[in-house]
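Just below is one structure, and these are the notes that go with it.
The values are calculated or read from the model by the stated rules, or taken from the named source; none is laboratory data. Note that the coordinates shown come from a computational prediction; the quantities given were computed from them, not determined experimentally. Here the Cβ is made from the backbone with ideal geometry for all residues, glycine too, and neighbour counts use every protein chain on show.
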Amino acid sequence: MNDTAKTAPPLPDRLSVDATSPHHVAAVCEHDIGIRFNDKERVDVEEYCISEGWVKVPAGKTVDRKGKPVLIKLKGKVEPFYR
């Protein structure tokens, strides 16, 4: 492990990178977080939930009327970690 993982706060059960979300934790998002989904590392995860077993990822380049990416929910095994 590196020194960043020792000083970083514990990863929550549910986390979002969107600052307007109620599941956004700024202290955790300051660090580099990786997500292993179904034993493969993904770099496009916008939100995850460990207990429910899902991640939300952008659906291509599609955006909603506010300019935010349209997200799809994928179900499987979720393992967040600090890089």
In segment 26-53, anything under 11 Å from the mean Cα position of the chain (by Cα) and either outside any strand (DSSP E or B) or free of Cβ contacts under 8 Å to residues at least 12 places away in the same chain (or both) is listed as Val28, Cys29, Asp32, Val43, Asp44, Val45, Glu46, Ile50
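Take the residues in segment 54-70 that are in a loop (DSSP other than H, G, I, E, B) and on the phi < 0 side of the Ramachandran plot; name whichever of them is surrounded by the most Cβ atoms within 10 Å (Cβ to Cβ).
Among those residues, the one meeting the criterion is Lys68.
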Looking at segment 65-78, can you tell me whether even one residue there is of a type in the set (A, V, I, L, M) and under 30 Å from Thr7 (Cβ atoms)?
yes
When every residue in segment 1-17 that is part of a loop (DSSP other than H, G, I, E, B) and at pLDDT below 90 is compared, the one surrounded by the most Cβ atoms within 10 Å (Cβ to Cβ) is Ala8
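How many residues does segment 33-72 contain that are basic (Lys, Arg) and within 24 Å of Pro10 (Cβ to Cβ)?
Total meeting the criteria: 4.
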